[in-house]
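Before any comments, here is the structure.
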Amino acid sequence: MKHILLTLFMIPLFFSSETTQTYPPVTVLELFTSQGCSSCPPADKLLTQVQNNKDVIALSYHVDYWNYIGWKDPFSKEKFSNKQRKYGQKFNSSTIYTPQVVINGKEHFVGSNVDIMNSKLKHYSKIAAKNTIVVSNIDSANNKISFDYSIEGDIKNKSLKVILVIEERITNISKGENRNRTLKNSNIVVLEDTLMLNSKSGKQTISITDLVKKTDKLKLITLIQTSNLDIVGANQIKL
């Protein structure tokens, strides 16, 4: 009788740490709003209230499609309206509206709804981020801001968004739906640049727009976004 000797070969399996690595949760709220919209001030106020929550980054994008009604929002940009339309395509929405909040690029709701806001913040506070960003060596000179960035986590098919924000501005409205009202807006986006990521580290420079006054307090926001517009990492620094 022949004895058959079976030899077992143990084949090691190697997994990339980046496919499983996660980072502390971060929640990004993108509010699409307008000073010409009478239903927007409650959403603007709510965004101001929740911005102090741990790991919440609040952004206020002022759209331009309300300008026709009599008040031209000084912070409005067609670029921001188009940004909202891209989200509309993602969410299969035939229309866009204000005030709308998009949370981590994944879902949307009416920005003045307190109950939904609190529920979503609680939900996303438990979901780990897929990327993390470190910003260092910030330098401001000649109306420009330069900085170094370093990213951890997979960057394939992802982009870096660099955002400049005015922390707060008060405006007296003389026309439109909010005429004779004094509005306080916070976390106002005045610049957003996008860089496709080919490297996990680099240096970036942005120009300070004419909308910024010497008395304004500013924030520098960096986001990591997938090709599907999901936000998977973020960082904010007060300048």
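The values are calculated or read from the model by the stated rules, or taken from the named source; none is laboratory data. Nothing here was measured: the structure is a model prediction, and the numbers come from that model. Cβ sites come from the backbone with ideal geometry, for glycine too, and all protein chains shown count toward neighbours. Surface accessibility is based on the protein's heavy atoms, side chains included, excluding ligands, DNA and RNA. Shrake-Rupley method; radii C 1.70, N 1.55, O 1.52, S 1.80 Å.
Give the residue that is modelled with the lowest pLDDT, with candidates limited to residues of the stretch 39-64 that are at negative phi and open to solvent by 60 Å² or more (accessible area, probe 1.4 Å). Please lay out each step first, then the result.
First, pick out the residues of the stretch 39-64 that are at negative phi: 39-54, 56-64.
Restricting the remaining residues to those that are open to solvent by 60 Å² or more (accessible area, probe 1.4 Å) gives 42, 45, 49, 52-54.
Details: Pro42: 98, Lys45: 97, Gln49: 95, Asn52: 86, Asn53: 84, Lys54: 80.
Filtering first and then ranking leaves Lys54.
Here is a check on your reading of the model: is Asp73 more than 17 Å from the chain's Cα centre (by Cα), modelled with pLDDT of 95 or more, of a type in the set (D, E, K, R) and not in a loop (DSSP other than H, G, I, E, B)? When the stated conditions are applied, Asp73 does not pass them. Just one residue in the set Lys219, Lys184, Lys213, Lys158 is open to solvent by less than 70 Å² (accessible area, probe 1.4 Å) and under 24 Å from Asn52 (Cα atoms); that residue is Lys219. Does Asn178 count as over 20 Å from the mean Cα position of the chain (by Cα), over 24 Å from Asn52 (Cα atoms) and at pLDDT 95 or above? Judged against the criteria, Asn178 is a match. Checked against (1) without any contact (Cβ under 8 Å) to a residue 60 or more places away in the chain; (2) under 28 Å from Lys86 (Cβ atoms), Asp230 passes all but a single condition, namely (1).
Just one of the listed residues (Gly153, Gly111) is over 16 Å from the mean Cα position of the chain (by Cα) and of a type outside the set (A, V, I, L, M), namely Gly153. In this structure, is Asn92 buried (at least 19 other Cβ atoms within 10 Å of the Cβ) and at pLDDT 95 or above? It is false that Asn92 is buried (at least 19 other Cβ atoms within 10 Å of the Cβ) and at pLDDT 95 or above.
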